[in-house]
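Read the structure below first, then the notes.
The values are calculated or read from the model by the stated rules, or taken from the named source; none is laboratory data. Quick caveat: nothing in here was measured; it's all calculated off a predicted structure. Reconstructed Cβ throughout: ideal geometry from the backbone, glycine too, with neighbour counts over all protein chains shown.
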Amino acid sequence: MKNKNTIVVLNNTVSINYNDIVHIQSKNNNSVIVLFNNTVHESILSIDKLEWELPKETFIRVHPNHIINKDFLNKYYTVTSEWVQLQNGEKIPVSNMLIQNKKTNIFRKFIERILSYKI
């Protein structure tokens, strides 16, 4: 399992522990990486390229513009629209594609396993 990676951020490279990443958001052709200590890095890599580098057992793409670290997932809401709340309080939308997959229970089972309770 990969734990660290060197990621190119704008004019520099940084070593980031995957366990420290809370979420990644797409920004134009770049990505914004938010760490647990609220440090923010802007990478010149697209969210698609970063997704291939991340451990699949830890990260899930919940929206075309968002990847979350399941270890920082706090709540899953389904009231008027569907979104997840991370431990740092940020709310991330869930894509319609994943919502439709709930019909086959794939996403629901994943969230239940993470949060350890029925939705």
Enumerate the pairs (first residue in region 27-50 and among the acidic types (D, E); second residue anywhere and modelled with pLDDT of 90 or more and surrounded by fewer than 19 Cβ atoms within 10 Å (Cβ to Cβ)) with beta-carbon separation below 8 Å, excluding pairs fewer than 6 apart on the same chain, so at least 6 apart or on different chains. E42/K27; E42/N30; E42/V32
Of all residues in region 1-44, count the ones that are part of a strand (DSSP E or B) and at pLDDT 85 or above. 19
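For region 45-86, give me each residue that is in a loop (DSSP other than H, G, I, E, B) and either basic (K, R) or exposed (fewer than 14 other Cβ atoms within 10 Å of the Cβ) (or both).
Selection gives P55, K56, E57, P64, T78, V79, T80, S81.
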